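Input: a single structure, listed below in C-alpha cells.
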Amino acid sequence: PTGLMKRLMRDPHITLTRMPTVENAENLATGFMEMMRRRYGGTRLGRQELDGELIEDRADALWTRAQLESLAGDYGELRRIVVAVDPPATSRKNSDACGLIVAGLDGQERAVVLQDATLERARPSDWAARAVALYRDYEADCIVAEVNQGGEMVSAVLRTVDAAVPVREVRASRGKWLRAEPVAALYAQGRVVHAARFAELEDEMCDFGPDGLSNGRSPDRVDALVWAITELLLGRANRPRIRNLS
C-alpha cells in the first residue's frame with residue numbers, strides 16, 4: 001500500500017487485474033500452495049502476497065497511514081539532535097538491517113524525525129562510519145546505541161571511527177511492542193513530527209504488531225526510531241547535554 005501503488009490503482013488509464021497465487025498453482029511445485037497457506041494463511045502478508053489484496057492498515061498496529069501522512073510539517077530551531085543506532089548481530093545474507101534514525105527536539109518540546117538512514121546488510125565498520133558521519137553532519141549531541149546484541153563492542157566500534165564521539169548506551173529490558181507503546185502515544189498527542197515522508201520507515205511502523213515483527217521481520221527502523229524518541233522525550237534525566245542556541 002505505497003503511495004505509488006495507490007495512485008496507479010486510481011488512474012483511469014491503468015487496467016487493474018487481480019490474480020491470487022492459487023490461480024497459478026499449476027505452474028508451481030507440488031505442495032507449494034499448501035506450505036504457503038500453512039505458513040502465511042490468515043496473516044496480513046498472506047492476504048497481500050497470496051490473495052492479491054492491498055492492505056491499507058494492520059488492525060493491531062500502533063500507527064496508521066492516515067496518522068503518519070499528516071505528520072510532515074515545519075519545525076523550529078532544534079535544541080537537541082541525536083543519532084539512534086540499532087545494530088544487527090551479523091552482516092551475513094538475510095541478516096537484519098542496521099536501523100539508523102536522526103531526530104531532534106524543537107522549542108515546542110516536539111521530537112522531529114530528520115532522517116531515516118538505515119543500512120541493509122552493513123558490516124560493523126560500515127554502520128559505525130555512517131552513524132558517526134550523521135553525528136557530524138547534523139552536529140548531533142550524541143549517538144544512542146542499543147547494546148543488547150554487541151555489548152561494549154558497539155561503543156568500541158563507534159570509537160574506532162571517532163574516539164571522541166559521545167555514545168549513550170541503551171539496553172532493552174522489555175519487548176519491542178512495550179517499548180514502542182509510549183512512543184506511539186507521543187505520536188497520537190502530536191508531540192512527534194516528521195521533517196519529510198519516510199516511506200520505508202512508515203511502512204514498517206504501520207505493519208508493526210504485538211509480535212514485535214513488521215512484515216514478518218525485525219523492525220530495525222522502528223527500533224532505532226523508538227530509541228531516538230525515547231531519548232529526546234522520555235529519557236530527559238539522562239541527557240548528555242543541551243544544545244546552545246546563542
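Candidates are the residues of the range 123-148 that are under 12 Å from VAL85 (Cα atoms) and assigned to a loop (DSSP other than H, G, I, E, B); the one that is most open to solvent (accessible area, probe 1.4 Å) is ASN148. Among the residues of the range 26-45, just one is within 21 Å of ASN215 (Cβ to Cβ), open to solvent by less than 70 Å² (accessible area, probe 1.4 Å), of a type outside the set (A, V, I, L, M) and modelled with pLDDT of 80 or more, namely PHE32. Scanning the range 185-200 for residues that are touching a Leu at 6+ places or on another chain (Cβ under 7 Å) and assigned to a helix (DSSP H, G or I) returns a single hit, LEU186.
Could we say that PRO87 is out of contact with any Leu (no Cβ under 6 Å at 6 or more places or on another chain), open to solvent by less than 40 Å² (accessible area, probe 1.4 Å) and under 30 Å from LEU234 (Cα atoms) here?
Numbers: out of contact with any Leu (no Cβ under 6 Å at 6 or more places or on another chain): yes; open to solvent by less than 40 Å² (accessible area, probe 1.4 Å): yes; under 30 Å from LEU234 (Cα atoms): yes.
So PRO87 passes the test.
The values are calculated or read from the model by the stated rules, or taken from the named source; none is laboratory data. Just so we're clear, the structure is a prediction, and the values are computed from it rather than from any experiment. We place every Cβ from the backbone using ideal geometry, glycine too, and count neighbours over all the protein chains shown. Side chains included, ligands, DNA and RNA excluded: accessible areas come from the protein's heavy atoms. Shrake-Rupley method; radii C 1.70, N 1.55, O 1.52, S 1.80 Å.
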